[in-house]
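Engineer: I have a structure here, written as structure tokens, and I will follow up with some questions on it.
Laboratory data are not the source of any read-out in this text; all were calculated from the coordinates shown. Every value quoted in this text rests on a predicted model; they were computed, and no experiment measured them. Neighbour counts run over all protein chains shown; Cβ positions are idealised from the backbone, glycine included.
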Amino acid sequence: MDGKKLFVCVVYCLIMLWRDDPAVAGVVTKLPSKEEVVAITFDACETKTPSFFDNDIIDYLVREEIPFTIFVSGKFARRNSEQLTQLSRKSFIEIENHSLRHRQHMEKLSEDNVRKEVVECETIITELTGRKPIFFRFPAGNYDQRTLKIVEALGYQVVHWTFPSGDPDKQTTPERLSRWVLGKVQKGDILIFHINGRGYGTGEALPRIVEQLREKGYRFTRLDAMLSSPTAGAR
Ligand SMILES: [Zn+2]
């Protein structure tokens, strides 16, 4: 490589390093563990029509006392406030932030509106559960560097998932769902399902998934037991 090309290359690398903002911590999609442990997480979102908890899922997990995490949107939390409060009193259930109105593309919102989505949902969750959420999940997983930075500056760690379970697909069956998840799951994975009545087949598939993972020696965890609390907290 001649001197001129080398110079251009060095300048390009410096620009790329400068653009890669160290203030942005990034999105967690895996637990920092090499042990047989997975996090079962759920989205509880409400968009146009009223949504309620899927009690088949809740009854099973509560009966078995399996740790899990629910990302709730503010609208869903308000509509299901009593049940959410009750669930949050159980030590193995974690409630986290999934935005106020569940806008599918938060990257299209102004900075003020992104903050509002996060903070207003946080207020509702804190009032109902007595605990301030520390993890955030973007609606539909859509974000860009700008929205990520705004959310992190509010003191949140963004947590998504390792692979989609596909449970919002109306065509799916409990058999297909459990086969897909069990064929793919690995140590440290963050599983995602829906607990708002839009996880098709999840209520039936989940006991099979849990039992088979247990047979393989897996245990289950809340996210906050495995991921350190974010420190950004600029407010
Ligand atoms: Zn959602």
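Engineer: Thr85 label point, 7 Å along Cα→Cβ, cut-off 16 Å on backbone N: hits in the range 128-146?
Structural biologist: Under cut-off, by backbone N: 128-132.
Engineer: Express in nm, to one decimal, how much length is gained between Ala25 and Asn113 on full extension, taking 0.36 nm for each residue of separation and deducting their alpha carbon distance.
Structural biologist: That works out to 29.5 nm of additional length.
Engineer: Taking 0.36 nm per residue of sequence separation and subtracting the Cα-Cα distance, how much length would be gained by fully extending the chain between Thr49 and Lys184, in nm to one decimal?
Structural biologist: Full extension of this stretch gives 45.4 nm more.
Engineer: Using a Cα-Cα cut-off of under 28 Å, which lysines could be cross-linked to Lys216, ignoring same-chain neighbours fewer than 8 residues away?
Structural biologist: Lys30, Lys34, Lys90, Lys184, Lys187
Engineer: Ranked highest first by the average count of other Cβ atoms within 10 Å around their residues, in what order do 38-51, 212-225 fall? Numbers along the way, then the final one.
Structural biologist: Values: 38-51: 20.3, 212-225: 15.6.
The packing order, highest mean first, is 38-51, 212-225.
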